[in-house]
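Presented below is the structure to which this report refers.
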Amino acid sequence: MKKKAQIRRPDLLLLLGQRLKEVRTQAGLSQEELALKAGLSQSQIYRIEKGLINTTISTVLHIAETLDVSYSELFEFKK
């Protein structure tokens, strides 16, 4: 039986989290406020921002819609 490859890029998870925090704070929202608007838990927003979870693309898309930004804006990482 083949082993399923697990692709995990902690560096990208951290960059996504940092970018989400930037966009969220620019929108003037706390983690709790974003969570309430998006129908997510505050702890989930916290874990995404800290790069602790490998969230789904669907969740990222939903958060972008909630923040009224394009999903690609959340992937505009500074190098």
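The values are calculated or read from the model by the stated rules, or taken from the named source; none is laboratory data. All values derive from a computational prediction rather than experimental measurement. Here Cβ is always computed from backbone atoms with ideal geometry, including for glycine, and neighbour counts include all displayed protein chains.
Here residue 24 fits the description: in contact (Cβ under 8 Å) with a residue 40 or more places away in the chain, out of contact with any strand residue (DSSP E or B) (no Cβ under 9 Å at 6 or more places or on another chain) and not in a loop (DSSP other than H, G, I, E, B). Among residues of the range 29-39 being of a type in the set (Gly, Ala, Ser) and more than 17 Å from residue 74 (Cβ to Cβ), the one that is surrounded by the fewest Cβ atoms within 10 Å (Cβ to Cβ) is 39. Residues in the range 27-60 that are more than 10 Å from the chain's Cα centre (by Cα) and assigned to a helix (DSSP H, G or I): 31, 32, 33, 34, 35, 36, 37, 38, 42, 43, 58. Just so you know, in the range 1-20 the residues that are out of contact with any helix residue (DSSP H, G or I) (no Cβ under 8 Å at 6 or more places or on another chain) and of a type in the set (Lys, Arg) include one that is modelled with the highest pLDDT, and it is 9. For beta carbons closer than 7 Å, sequence separation of 6+ or different chains, a first residue in the range 30-45 that is farther than 9 Å from residue 63 by Cβ and a second that is β-branched (Val, Ile, Thr) and part of a helix (DSSP H, G or I), the qualifying pairs are 31/45; 35/45; 37/66.
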